[in-house]
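For reference, the structure discussed in these notes is given below.
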Amino acid sequence: MTEANRKIVEFIRDEWVIPLNNNSKFAVDHNIDEKTVRRIKDDENYQIALLTIMRICHAKNLTLASFFKTVGI
């Protein structure tokens, strides 16, 4: 479970958060707290909530199934 969580967090960080390079904008655009974005970006032990994943997927027009498939889970 921890390995799957890490894959999810790293995917979101590497593919979407870091390229945007603006934590506030990512937070607003994806209906999550900026503190959550900082955790995704910087906290090696962050356990991402399903609700957070759902909000990000909704903002990206992705289903959870397609997101998990993309991540490789």
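The values are calculated or read from the model by the stated rules, or taken from the named source; none is laboratory data. Bear in mind the structure is a predicted one, so any value in this text is a computation, not a measurement. Note that each Cβ is placed from the backbone with ideal geometry, even for glycine, and that neighbours are counted across all protein chains shown.
Would you please name the residue that is nearest to F26 (Cα to Cα), looking only at residues in the range 39-69 that are among the aliphatic types (A, V, I, L, M) and in contact (Cβ under 8 Å) with a residue 40 or more places away in the chain?
I56
How many residues are acidic (D, E) and more than 14 Å from K60 (Cα to Cα) when one looks only at the range 19-35?
Residues of the range 19-35 acidic (D, E): 29, 33-34.
Filter again for more than 14 Å from K60 (Cα to Cα), leaving 33-34.
Residues in the range 19-35 being acidic (D, E) and more than 14 Å from K60 (Cα to Cα): 2 in total.
Please enumerate the residues belonging to the range 16-36 that are among the hydrophobic types (A, V, I, L, M, F, W, C), in contact with a helix residue (DSSP H, G or I) (Cβ under 6 Å, 6 or more places away or on another chain) and either over 17 Å from V71 (Cβ atoms) or free of Cβ contacts under 8 Å to residues at least 12 places away in the same chain (or both).
Selection gives L20, F26, A27, I32.
For the range 55-64, state whether one or more residues are loosely packed, with under 14 Cβ neighbours inside 10 Å, at pLDDT below 95 and either in contact with a His (Cβ under 9 Å, 6 or more places away or on another chain) or not β-branched (V, I, T) (or both).
The answer is no; no qualifying residue exists.
Among the listed residues R39, R13, R6, identify the single one that is out of contact with any helix residue (DSSP H, G or I) (no Cβ under 9 Å at 6 or more places or on another chain), basic (K, R) and surrounded by 12 or more Cβ atoms within 10 Å (Cβ to Cβ).
Result: R6 is the single residue among R39, R13, R6 that is out of contact with any helix residue (DSSP H, G or I) (no Cβ under 9 Å at 6 or more places or on another chain), basic (K, R) and surrounded by 12 or more Cβ atoms within 10 Å (Cβ to Cβ).
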